[in-house]
1. What accessible area, in Å² to the nearest ten, does a 1.4 Å probe give for Lys97?
2. What's the local net charge at Ala25, with K and R +1, D and E -1, over the other residues with C-beta under 14 Å away?
3. Under a crude label model (7 Å from the Cα following the beta-carbon direction), how far is Ala55 from Arg82 in nanometres?
4. For an R0 of 41 angstrom, estimate the FRET efficiency from the Cβ-Cβ distance between Ala38 and Arg89 and round to the nearest 0.05.
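The values are calculated or read from the model by the stated rules, or taken from the named source; none is laboratory data. All of these numbers come straight from a predicted model, not from anything done at the bench. We place every Cβ from the backbone using ideal geometry, glycine too, and count neighbours over all the protein chains shown. Ligands, DNA and RNA are stripped out before the accessible areas are found, and what is left, the full protein with its side chains, is counted by its heavy atoms. Shrake-Rupley method; radii C 1.70, N 1.55, O 1.52, S 1.80 Å.
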Amino acid sequence: MNKPEQNGTGAKPRREYDETYKRHAVELTLRGDRTVKAVARELGIAPWALYEWRARYAGRPGDSRPAPRSLEEAAEEIADLRAEVIRMREREAILKKAMGMLSEPPASGMPRSKR
């Protein structure tokens, strides 16, 4: 009989999965018809591994972009997000100035409203 290969400790050798397999498994969990544990049981993998794959490959809430696939894509996304933060800070500063101007009492010499 053929015995499965073991590494001397009695444990099975560690299985490795390619990125396509991991992404497909994550898509199965995102459909919503089965729990992560049920999908993991069907695929024969540990639920904790599937949760880690979801953290890596699933889209982030509120973000329509997919998770970056490479280091270059991640660096590009970081640069885009930093630029967006700068734009948001500029808008915030402008809004604060506008609110300050609108809330100031009229300067001297300006006509006041009659009551």
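1. 140 Å²
2. Once all neighbours under 14 Å are counted, the net charge is +3.
3. Going from the Ala55 label point to the Arg82 one covers 2.5 nm.
4. 0.40
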